[in-house]
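K.L.:
Can you keep this structure in mind? I'll have questions shortly.
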Amino acid sequence: MYDDYNDQYDSYADYGPVADTHTDEYDRDAYRQVPELVRKFLIYFRNCINEGVIFEVQTLYENSFPKLSEQFFDKQSWPDETDVAHIVDNDPVFLVLYKELYYRHIYARIPGGPTLEQRFGSFFNYCDLFNYILSAETPVPLELPDQWLWELIDEFVYQFQCFAQYRARLLKKTPEEIENLNAHNNIWSVLCILNVLHSLVDKSKIKSQLEVYASGGDPDSVAGSFGRHSLYKMLGYFSLVGLLRLHSLLGDYYQAIKVLENVELYKKSAYSHVPACQISTAYYVGFAYMMMRRYADAIRTFSSILLYIQRTKQLFTSRSYQNDQINKQTEQMYHLLAICLVLHPQCIDEVLQQALREKNYHEKMYKMQYGDLAEFEACFLYACPKFLSPCPPPPDAPNEDYVKEAIKHQTQVFMDEVAQQKMLPTIRSYLKLYTTLPLSKLATFMCSSTRPDGSWDLDKEVATLGIYLLCFKHKMKNIVWTKGSSGLDGKFQSGSELDFYIDHDMIHIADTKVAHRYGDFFIRKILKFEELNRKLHKIKI
Amino acid sequence: MAEAMRQTIVEMLKGIERYNPDNLSTLEKYVEIQSRENAYDLEANLAVLKLYQLNPQRFSQDITCQILLKALTNFPHTDFVLCKCLLTEKIIYRKEAKGRQICKILQLQMQEEPINQIMYLGDILEQCDFQHFWDRVLSMPELCNRIVGFQDSVRKFVCHVVGITFQTIDKGLLAQLLGGIDDSTLKHWVKKYGWKEESKNVIFIANQDENIKTKNITEKIDFENVAGLMAACL
């Protein structure tokens, strides 16, 4: 399976000098002294990894590395491989891992982003790493914290995304740069990324493992020698989420949802302990559902993860690159939830309603309800993934920027959907006022608000209204997942709060009435008083 | 034929094999078979569009049209939207034309005929403007007639929407929504869906007040929910 991938990787050999504009800077860096503290850290870090002291590795990865980055390498790169190699006895595996962090730091922290050479370098480093893991005959003796493994896969897809955007921007590139890129079209190619992720999925047998796990069995029984190993198992699992993201970026929502078959999205499971992974999964799943017009599923997905984030938000308050990412994704999900609730009004948890109110989403929702297409588009553009065209522009394409094409297209598809539904909120607002309403009366309401001069023919308007009402029923009856291993499964349901039917010339309306909820309110007050009471007791005068 | 191919196709869509351009001609043949035999396989068709996305020089407008028309036959499912998402607004690619001359083709996939016509069909079908839809279909017979069973598939969708919207419907209106069908054909559809002619002009669809009724969501607090809290207050 990974033969192809090795072929592509062989081109490493013909990868000549790439970006020469930055070599000067490089030479200067090369003579940079490695600070003593960093030297000690690297030695210790390597030892901990080699000895498999996983908790210590986790601390070093999550705390020490970012701290040292801030202290010594803010806005500059960590020391090059050549300066580090002798410190760690040329340990090849450690150096590959080190370089993964080294490049990641460049992507995140160096103003202006990575150079072309660094983008290529990072790609080849990922090849080295995945080759090491995938082409071994027996599982490699390496164990890394799950947080790291998740960020490794996520970063791999992220860097592909960055490269594809960079690649599509031809406007400011010199002819040499473009020639160089055209000569290396296999680097960061989408097939290569798919190949790596699929290989990790296959090697770990994660799909069979999840299937057995979902049916209550022991995943180890089908995991094989590799899949039983935590490194392979978790890389396989995170690769599924990587594929979810990749498919979404390419507008393939069907595959996006399908790839997560047997992943239990709404339950805690043995695989769901990395919050960033859970959040990212929910974001892409919810988005795909929204695009498939499965609003009830999208709302359920966003609600459950946003509630989780609400409960645990103190975890994400410290400023770090990962937390910025999580907080941004949270904001995006509130936007998507707002869009879904406008298109498909339904009851959601009180806590989320409160959050939507506090974050001032009501104004946005109000505008959308009143058919403000610009508001829909603005919310969508803020909240959607950074869509990509899977192929680089051809060698002789005119020098333009192609980076926006994919986003434009997906936005267009979404806006077409919104335009098809543009009459529904108006109809809903009238129907909400009645339990029965004659067709002709509703037609009159709708005309007199737009054309008060009375220049319309009632029969014609009733016929037009009939079409809108059919459209209303069609758009509000969607597939909703109820059970089963695939998120694609489901039954047609009308999940929205308002429904109706037509009998002869009369519309019969069924609304959802929600009684006031007092329980939550009292519980919150009780807890508050408890807290106050405790504090009072502690005061000593 | 379609059934016989299905198993081969399933193998072609597994894992990374799905992206192998060598499979494209088999998958394209499978699309043609679906059109001829009134069969349908969304996943295979999406794989074709995906391969076009990855290999723009292999893009076939004819096959794409058939895939889109087939997606129209599977309303109320959102297959059409899924297909649309895999198209591209604008692609540029090189193609070897006759005389081995390489020419550059700028293709505005979505705006080019007849794809834009099918996009329009999809749009009005989504809006349930059935009368308009049938007029359009009549004006482009060569396109729609290639898909065996196209009209009846759309009629099934019409019946689905009618079935969830009406308790009783005017007979003339129903015939119109189904594409101006004659009386005996109408009888066939009425029978197929278990509807009844209530009187001369009215057809009884179903008793809807069983399915569509006002919901009251009231708060339910059971003892277990608050037991902990109450205990803590003691």
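The values are calculated or read from the model by the stated rules, or taken from the named source; none is laboratory data. As the structure is a prediction and not an experimental result, all values here were calculated from the model. Because the Cβ atoms are built from the backbone with ideal geometry, glycine has one as well, and the counts that use them run over all protein chains shown. Just so you know, the surface numbers come from the protein's heavy atoms only, side chains and all, with ligands and any DNA or RNA stripped out. Shrake-Rupley method; radii C 1.70, N 1.55, O 1.52, S 1.80 Å.
K.L.:
Setting aside same-chain residues fewer than 8 positions from A:Lys172, which aspartates and glutamates have a Cα under 18 Å from its Cα?
P.N.:
Output for A:Lys172: A:Asp20, A:Glu117, A:Asp396, A:Glu400, A:Asp401, A:Glu405.
K.L.:
Taking the alpha-carbon centroid of each part, what is the distance from segment A:376-433 to segment A:25-104 in angstrom?
P.N.:
That distance is 43 Å.
K.L.:
Still on this model: Starting from 0.36 nm per residue, how many nanometres of slack lie between A:Lys491 and A:Gln71 once their C-alpha separation is accounted for?
P.N.:
145.7 nm
K.L.:
Express in whole angstrom the spacing between the alpha-carbon centres of segment A:201-237 and segment A:242-257.
P.N.:
22 Å
K.L.:
Please identify, among B:Ile217, B:Ile16, B:Ile33, the residue showing maximal mean-square fluctuation in a Gaussian network model of chain B using a 10 angstrom Cα cutoff.
P.N.:
B:Ile217
K.L.:
With r as the distance between the Cβ atoms of A:Ser230 and A:Trp456 and R0 = 60 Å, compute the FRET efficiency 1/(1 + (r/R0)^6) and round to 0.05.
P.N.:
It comes out at approximately 0.30.
K.L.:
Using the Cβ atoms and a cut-off under 10 Å, what net charge is assigned to the surroundings of A:Tyr289, where Lys and Arg are +1 and Asp and Glu are -1?
P.N.:
My count for the surroundings of A:Tyr289 gives +2.
K.L.:
Quick one: compute the contact order of chain B, relative version, from alpha carbon pairs under 8 angstrom and 6+ residues apart, as a percent.
P.N.:
Averaging sequence separation for qualifying contacts and normalising by length gives 14 percent for chain B.
K.L.:
To the nearest 10 degrees, how steeply does helix B:61-72 sit against the main Cα axis of chain B, on a 0 to 90 scale?
P.N.:
So the inclination is approximately 10 degrees.
K.L.:
Can you tell me the orientation of helix B:223-233 relative to chain B, as the angle in degrees between its alpha-carbon axis and the longest Cα principal axis, to the nearest 10?
P.N.:
Approximately 70 degrees, to the nearest ten.
K.L.:
Please state the shape class of chain B: rounded when a/c is under 1.5, otherwise prolate if a/b exceeds b/c and oblate if not, all from the C-alpha gyration tensor.
P.N.:
It is oblate, given that a/c is not under 1.5 and a/b is not larger than b/c.
K.L.:
Using modelled backbone amide H atoms (1.01 Å from N, in-plane), which distant-in-sequence or interchain residues come within less than 5 Å of A:Asp401's amide H?
P.N.:
Answer set, sorted by chain and number: A:Leu170, A:Leu171.
K.L.:
Given a Förster distance of 41 Å, report the FRET efficiency between A:Thr59 and A:Lys513 from their Cβ-Cβ distance, rounded to the nearest 0.05.
P.N.:
0.15
K.L.:
Amide H neighbours of A:Thr512 under 5 Å, at least 5 residues apart or on other chains, H built in the peptide plane: list them.
P.N.:
Residues meeting the amide H criterion: B:Lys215.
K.L.:
Given the Cα-Cα distance of A:Arg534 and A:Ala85 and 0.36 nm per residue of separation, how much length would full extension add, in nm?
P.N.:
155.9 nm
K.L.:
By how many nm would the segment from B:Arg146 to B:Asp170 lengthen if fully extended, with 0.36 nm per residue of separation less the alpha-carbon distance?
P.N.:
My answer for the length gained is 5.4 nm.
K.L.:
What is the Cα centroid distance between segment A:468-489 and segment A:320-346, reported in whole angstrom?
P.N.:
Cα centroid of segment A:468-489 versus Cα centroid of segment A:320-346: 22 Å apart.
K.L.:
May I ask you to rank A:His184, A:His362 by accessible area, largest first, using a 1.4 Å probe over the protein chains only?
P.N.:
Reading off the accessible areas and sorting them downward yields A:His362, A:His184.
K.L.:
Kyte-Doolittle mean at least 0.0 and Cα extent at least 18 Å along the axis: which DSSP H helices of chain A qualify?
P.N.:
A:36-51, A:92-109, A:116-134, A:190-204, A:230-249, A:275-291, A:295-311, A:458-476
K.L.:
Further question: Just tell me the longest site-free run in chain A, where the sites are trypsin sites (Lys or Arg not before Pro) in a DSSP loop having at most 10 other beta-carbon atoms within 10 Å.
P.N.:
Longest run free of exposed loop sites: A:320-482.
K.L.:
Another one. Compute and list, largest first, the equivalent-ellipsoid semi-axes of chain A from the alpha carbon gyration tensor, each √(5λ) rounded to a whole angstrom.
P.N.:
Ellipsoid semi-axes (Å, largest first): 49, 30, 23.
K.L.:
Which residue, B:Glu112, B:Glu37, B:Glu224, tops the fluctuation ranking in a GNM of chain B built on C-alpha contacts under 10 Å?
P.N.:
Result: B:Glu224 has the largest fluctuation of those listed.
K.L.:
With every protein chain kept in place and ligands, DNA and RNA left out, what is the accessible area per residue of the protein assembly as shown? Probe 1.4 Å, answer in Å².
P.N.:
46 Å²
K.L.:
For A:Asp202, tell me the accessible area in Å² from a 1.4 Å probe, rounded to the nearest 10.
P.N.:
About 70 Å², ignoring ligands and nucleic acids.
K.L.:
Further question: What does the accessible area of A:Tyr434 come to, in Å² to the nearest 10, when a probe of 1.4 Å is used?
P.N.:
Its accessible surface works out to 70 Å², give or take rounding.
K.L.:
Can you list the residues, at least 5 places off or on another chain, whose amide H is less than 5 Å from the amide H of A:Gln493, using H built in the peptide plane?
P.N.:
Here A:Asn478, A:Ile479, A:Val480 satisfy the definition.
K.L.:
Let me make sure I get this right: for segment A:272-419, a, b and c are the square roots of the gyration tensor eigenvalues over alpha carbons, sorted descending. Under 1.5 in a/c it's rounded, otherwise prolate if a/b > b/c, else oblate. Which is it?
P.N.:
The shape class here is oblate.
K.L.:
What accessible surface, in Å², does a 1.4 Å probe find on A:Thr435, ignoring ligands, DNA and RNA and rounding to the nearest 10?
P.N.:
Around 100 Å² of this residue is reachable by solvent.
K.L.:
Loop-only check: which trypsin sites (Lys or Arg not before Pro) in segment B:186-223 are DSSP coil with at most 15 other Cβ within 10 angstrom?
P.N.:
Here the sparse-neighbourhood loop sites are B:Lys200, B:Lys213, B:Lys220.
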